[in-house]
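The values are calculated or read from the model by the stated rules, or taken from the named source; none is laboratory data. This one's a predicted model, so the numbers in the text were calculated from it and none came from an experiment. Neighbour counts are summed over all protein chains in view; Cβ atoms, including those assigned to glycine, are modelled from backbone coordinates with ideal geometry.
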Number of protein chains: 4
Amino acid sequence: MLASVSLYGSSAQTEELFSETVRNQWFWGNALNPLDRRTSLTFDRSGTYLINGRKSFCSGAIDSDMLIVSAIRSADDKFMVAAMPSNRPGIRILDDWDAMGQRQTDSGTVEFCDVAAGQQEFLKTPGPLGSIRASLRSCIAQLILSNIFLGIAEGALEESRNYTLAQTRPWIASTAQSATADPYILANYGNFFINLQAAQALTDVAGESLQRAWESGDAITENQRGKCALDVAASKVIANNAGLEITNRMFEVMGARAAAGPARIDRYWRNLRTHTLHDPIDYKVRELGDWALNHQLPKPSFYS
Amino acid sequence: MLASVSLYGSSAQTEELFSETVRNQWFWGNALNPLDRRTSLTFDRSGTYLINGRKSFCSGAIDSDMLIVSAIRSADDKFMVAAMPSNRPGIRILDDWDAMGQRQTDSGTVEFCDVAAGQQEFLKTPGPLGSIRASLRSCIAQLILSNIFLGIAEGALEESRNYTLAQTRPWIASTAQSATADPYILANYGNFFINLQAAQALTDVAGESLQRAWESGDAITENQRGKCALDVAASKVIANNAGLEITNRMFEVMGARAAAGPARIDRYWRNLRTHTLHDPIDYKVRELGDWALNHQLPKPSFYS
Amino acid sequence: MLASVSLYGSSAQTEELFSETVRNQWFWGNALNPLDRRTSLTFDRSGTYLINGRKSFCSGAIDSDMLIVSAIRSADDKFMVAAMPSNRPGIRILDDWDAMGQRQTDSGTVEFCDVAAGQQEFLKTPGPLGSIRASLRSCIAQLILSNIFLGIAEGALEESRNYTLAQTRPWIASTAQSATADPYILANYGNFFINLQAAQALTDVAGESLQRAWESGDAITENQRGKCALDVAASKVIANNAGLEITNRMFEVMGARAAAGPARIDRYWRNLRTHTLHDPIDYKVRELGDWALNHQLPKPSFYS
Amino acid sequence: MLASVSLYGSSAQTEELFSETVRNQWFWGNALNPLDRRTSLTFDRSGTYLINGRKSFCSGAIDSDMLIVSAIRSADDKFMVAAMPSNRPGIRILDDWDAMGQRQTDSGTVEFCDVAAGQQEFLKTPGPLGSIRASLRSCIAQLILSNIFLGIAEGALEESRNYTLAQTRPWIASTAQSATADPYILANYGNFFINLQAAQALTDVAGESLQRAWESGDAITENQRGKCALDVAASKVIANNAGLEITNRMFEVMGARAAAGPARIDRYWRNLRTHTLHDPIDYKVRELGDWALNHQLPKPSFYS
């Protein structure tokens, strides 16, 4: 969220909001979902902005002190983004997040009823198309996803390993004395590990690429931004694939009892499957194909 | 369960238990798990069998009228199988099934404390090695699994289809006017469908093979039984793979909202993932490889 | 080719050409490739048709007695199909087939220079859109492809098996005494076998579906024809995938020496890879997806 | 080969052979294949070593000036390695390399008939078990394989790209105006690219790991050597998989004509398939699984 402030806001806005965040230990949530166009922005008679409507997929809103809010300005259909306190009158944050995964967080609905917003609360260059630098926000958001996917996959592999070492017995048809020497269990762990190594390596590459892009400041070129987006996209696809394979198939190296009991080992798959639906993986692959074949850089958007 | 009675019991036992089942509308459960060797069978002073210990993975036990129970006879370490009322004194059926999937059924623990069992309650040829015909029980059990996998996969594809038709919107980067014309959504459905067709075809083949084997009665040969087991194994692997792919990836053709809400679409994957752990798929593949390479038929066991 | 005659020709044409084929033991080739529009059909002053131009991918033309020839009629841009002797003046069959696979056959270029064709030589309902029944030709052509793919895959598995049994030694890190007991070699054979079983089953299903469609004669409905096309498409995709996996990976179960020597075991992959490019597999999958999701039957064409 | 000299030889041997190589521009081949135990080493009456027998898979031998030769010493069954001129009397290098791929190089048979070898020609620590440092030779050999696999895959993708851009037409059922905008062609290129990125990243990681191990000199620990071997193994499996997929499936993004003509685009697959059989990929995966599950480092051998 603070990256949004830094990338979209003026330097004065950034400086003030960062200082206040540190001073007050603000936790930021969002009501930003650019695909949900149900929030509108109008002027009242006094010239104050009023926000009305609702937003879905508002991540972290429930516990937040501050919100990044987006709305479509009725006058010119412009996409506007503002930062404001979560407890402002007229804002109602619903406790309606009820997904199959990511159940320890929230990404539910926020309702706006004549919420007043001052002009100074609106960030300078809203959205990825404001400037090349502002469009890095999408790279950051996507790389956060890669890292979350990777973290879930690493956690799953670690839990799986502990389970196999402690509890799994060799199948009756196995020639091995222990499950840890079973040729198929080893093959599965080998494949899990290799794919995870690849995801880690490409996520590291993407992290370095993004760091360099960030450090370029306003001097960043379309080409550098595009290459960074490609690195991030490749890491996301690999982490998506490696993670889904591990969280889906980890049960095969633990055995039937891993499905039972209060361990809820399915939470790895449920969390990852929920998170990986953020935006379609097929269109990430397409973007990378457009580069590989046509040397076409991804067009900056909220998802690329 | 009745197949176990028919295959393991004498003709008198079969006739009586079948008649009583029809007359009383008995529901049968089991406490049979051959890998769990914690139930023992001893004689008391009066010459009655006593069963003591516990069994895990007792499917359908809670609602059952009758149980198929296995125990190791202490005298000679023989695996014995009996049919008896579920409410016999000393039997305690625990309501402890708490798995990530298959939550509308039960496969929990049954405890036995000095449970008396008459000699006539023990079936004649216990276990798959009793006779070639008796060993068909494993083929039946495995083919039931194939059909359950298939049914879950078919249900998942149907739910997915209804969802995509009714609710999914094309991704912002899609060239298609509707999600139903999106090239990647169509490709995913195509692959789901093809794999399901293959699973259905091989399960039909296996069903016919098993029917012929059943109809051979006691004249069944090792070769016919072995071929039948191979057909069943192939159907199970294909249904396992097709089902896991569909239930894992169906979310990609529905979109992010499919993870949310009370629909609990993850139940398809949770149910299938739980059930597919019954016995390791890698060893089914190995069995088929041993046939393909060495023309070695599967050795009859509780799982082959 | 004779199926084309039977489906496109009038009953008189069919009867005559079938009789002559039997009497003269004609071998038929084609110069039909509908995607190659370089052959034109014009009238000369005497009212005779003249064919000029060239066709690529003319399968079996070199050794043929009779050719099925297609050309675009200049007057109305209509796609016309005729049957004529391969040695007719003006026809020049080039020996220019030089592909990476299918090297014992030919599918090269045929040139036409003022080739005269009588009106009676043109078949009545040229092309798949002539009638529902005529459009079965594409189903036949596609199912022939499935069966060729399947045959190559079966041959590859057989050659692989003979090689492993006779020559392959266990890897130094294997716990098995012989290659035939190596867990990974068995797993590979298992997977090859399972996929081949699926391809065989779906090709059988498609064969029965096509037989019923054929036997329906002119009473065939669009729905029956469409379902038949779907069955054929599913069999083709499965046979394509199973075959490419087996012919690509069979070397891994034979070992390094399988790449050497005059055995040319790569011919399986080269033949299959060449043949599987006939029309794009991705669009077959899409067709099946359009059915699975939208219940849209494949639109009859030369490839569907 | 010179790495073998450096790792197995004494510092005096290394210094001399390196100097002479530079001065004479020697090209080195080998007759080293450790799995082929048909060369023996005996003493003649004068105390000179005599090598007799034959070796297969002698890479680069035909054009070589110098050979690295291995033989089993009859007296104690010890594996000995020597460096000697390729034209030494008694050495016969056969021109019998005839594989389906790698046809511009050679890896054929070398015969030895009473070939005299001085004691000073034998390297000090023959084989991977001589010392930790000597065992790096296997890491080098394996990483060379990764890089060859990667180079073939990169070349294939580049040839494929040039072909698609220049020649491929959109399929008749495609909604795209050009093949370069076809959704499935883009998806295929995307997947090729992503897998290649992963292979490149892991090969870079392995290269840096090996460089550090090399620079450790004799201070290298078993742990450092083991971690290096794991990095190399992961890069090899990924490059193997990415390369086989690209060289097998590249035809699908070029179209049917890519199988024809003198371009011999199948050479990428033939070269890679030949080279990837050097040692079984399944056992590389197993090694990595043994690390992932059991934290067991690969045991140094000629292949690990």
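Among B:ASN188, B:ASN147, B:ASN162, which is within 14 Å of chain C (Cβ to nearest Cβ) and either out of contact with any Asp or Glu (no Cβ under 7 Å at 6 or more places or on another chain) or outside any helix (DSSP H, G or I) (or both)?
B:ASN162
Determine whether C:GLN224 is within 13 Å of C:CYS139 (Cβ to Cβ), away from chain B (no Cβ under 14 Å) and touching a helix residue (DSSP H, G or I) at 6+ places or on another chain (Cβ under 6 Å).
So C:GLN224 passes the test.
Determine which member of the set A:ALA153, A:ALA206 is within 17 Å of the chain's Cα centre (by Cα), within 21 Å of A:ARG273 (Cα to Cα), modelled with pLDDT of 95 or more and not hydroxyl-bearing (Ser, Thr, Tyr).
That would be A:ALA153, the only listed residue that is within 17 Å of the chain's Cα centre (by Cα), within 21 Å of A:ARG273 (Cα to Cα), modelled with pLDDT of 95 or more and not hydroxyl-bearing (Ser, Thr, Tyr).
When you check B:ALA156 against the structure, is it more than 13 Å from chain C (Cβ to nearest Cβ) and more than 30 Å from B:GLU215 (Cα to Cα), yes or no?
No: the conditions fail for B:ALA156.
So A:SER178 passes all but one of these: (1) away from chain B (no Cβ under 14 Å); (2) crowded, with 18+ Cβ neighbours inside 10 Å; (3) not hydrophobic (A, V, I, L, M, F, W, C). Which condition number does it fail?
(2)
Residues in the stretch B:279-301 that are outside any helix (DSSP H, G or I) and crowded, with 20+ Cβ neighbours inside 10 Å: how many?
Summing the residues that are outside any helix (DSSP H, G or I) and crowded, with 20+ Cβ neighbours inside 10 Å in the stretch B:279-301 gives 4.
For the stretch A:77-110, how many residues are assigned to a strand (DSSP E or B), within 18 Å of A:PHE27 (Cβ to Cβ) and small (Gly, Ala, Ser)?
Here the count works out to 4.
Take the residues in the stretch D:256-295 that are more than 14 Å from chain A (Cβ to nearest Cβ) and more than 24 Å from the chain's Cα centre (by Cα); name whichever of them is modelled with the lowest pLDDT.
Top of the filtered list is D:GLY261.
Looking at B:ALA233, is it within 11 Å of chain C (Cβ to nearest Cβ) and within 16 Å of C:ASN191 (Cα to Cα)?
Here the answer is yes, as B:ALA233 does meet what is asked.
Quick one: count up the residues across the stretch B:202-259 that are surrounded by fewer than 19 Cβ atoms within 10 Å (Cβ to Cβ) and not in a helix (DSSP H, G or I).
Residues that pass the stated criteria total 2.
Looking for something exposed (fewer than 14 other Cβ atoms within 10 Å of the Cβ) and in a strand (DSSP E or B) - is there at least one such residue anywhere in the stretch A:58-76? Let's see the steps before the verdict.
As a first pass, look at the stretch A:58-76 and keep what is exposed (fewer than 14 other Cβ atoms within 10 Å of the Cβ): A:63, A:74-76.
Cutting the leftovers down to in a strand (DSSP E or B) gives us none.
So far as the stretch A:58-76 goes, no, none of its residues is exposed (fewer than 14 other Cβ atoms within 10 Å of the Cβ) and in a strand (DSSP E or B).
Counting just the residues of the stretch A:100-127 that are among the aliphatic types (A, V, I, L, M) and within 19 Å of the chain's Cα centre (by Cα), which one comes out nearest to A:TYR49 (Cα to Cα)?
Among those that are among the aliphatic types (A, V, I, L, M) and within 19 Å of the chain's Cα centre (by Cα), it is A:VAL110.
Quick one: in the stretch B:167-185, of everything that is of a type in the set (S, T, N, Q) and not in a loop (DSSP other than H, G, I, E, B), which residue is farthest from B:ALA229 (Cα to Cα)?
Filtering the stretch B:167-185 for residues that are of a type in the set (S, T, N, Q) and not in a loop (DSSP other than H, G, I, E, B), the one farthest from B:ALA229 (Cα to Cα) comes out as B:GLN167.
Quick one: count up the residues across the stretch C:1-52 that are part of a strand (DSSP E or B) and within 23 Å of the chain's Cα centre (by Cα).
4
Is it true that some residue in the stretch B:9-19 is out of contact with any strand residue (DSSP E or B) (no Cβ under 7 Å at 6 or more places or on another chain), under 19 Å from B:HIS278 (Cβ atoms) and surrounded by fewer than 18 Cβ atoms within 10 Å (Cβ to Cβ)?
Looking for residues that are out of contact with any strand residue (DSSP E or B) (no Cβ under 7 Å at 6 or more places or on another chain), under 19 Å from B:HIS278 (Cβ atoms) and surrounded by fewer than 18 Cβ atoms within 10 Å (Cβ to Cβ), one finds none in the stretch B:9-19, hence no.
Quick one: which residue in C:LEU202, C:LEU244 is touching a residue at least 24 places away in the same chain (Cβ under 8 Å), aliphatic (A, V, I, L, M) and within 14 Å of chain B (Cβ to nearest Cβ)?
Unique residue meeting the criteria: C:LEU202.
Need the failing condition index for C:GLY255 against (1) among the small types (Gly, Ala, Ser); (2) over 30 Å from D:TYR283 (Cβ atoms); (3) touching a helix residue (DSSP H, G or I) at 6+ places or on another chain (Cβ under 8 Å), just the number.
So the condition that C:GLY255 fails would be (2).
Could you pull out the residue among D:LEU157, D:LEU150 that is in contact with a Phe, Trp or Tyr (Cβ under 6 Å, 6 or more places away or on another chain) and surrounded by 17 or more Cβ atoms within 10 Å (Cβ to Cβ)?
On the way: D:LEU150 fails: in contact with a Phe, Trp or Tyr (Cβ under 6 Å, 6 or more places away or on another chain).
When all the criteria are applied, what remains is D:LEU157.
Does D:ASP182 satisfy being free of Cβ contacts under 8 Å to residues at least 60 places away in the same chain and over 30 Å from the mean Cα position of the chain (by Cα)?
Considered against the rule, which asks whether it is free of Cβ contacts under 8 Å to residues at least 60 places away in the same chain and over 30 Å from the mean Cα position of the chain (by Cα), D:ASP182 comes out as yes.
Of everything in the stretch C:94-120, what is buried (at least 19 other Cβ atoms within 10 Å of the Cβ) and either touching a residue at least 60 places away in the same chain (Cβ under 8 Å) or among the acidic types (Asp, Glu) (or both)? Give them in sequence order.
Scanning the stretch C:94-120 gives C:ALA99, C:MET100, C:GLY101, C:GLN102, C:ASP106, C:VAL110, C:PHE112, C:VAL115, C:ALA117.
Considering only residues that are in contact with a Phe, Trp or Tyr (Cβ under 7 Å, 6 or more places away or on another chain) and touching a residue at least 12 places away in the same chain (Cβ under 8 Å), which ones fall in the stretch B:292-304?
Hit for the stretch B:292-304 is B:LEU297, nothing else.
Looking for something closer than 28 Å to D:ALA213 by Cβ, of a type in the set (D, E, K, R) and more than 14 Å from every other protein chain (Cβ to nearest Cβ) - is there at least one such residue anywhere in the stretch D:43-65?
no
For the stretch C:53-99, name all the residues that are under 21 Å from the mean Cα position of the chain (by Cα) and on the phi > 0 side of the Ramachandran plot.
C:PHE57, C:GLY60
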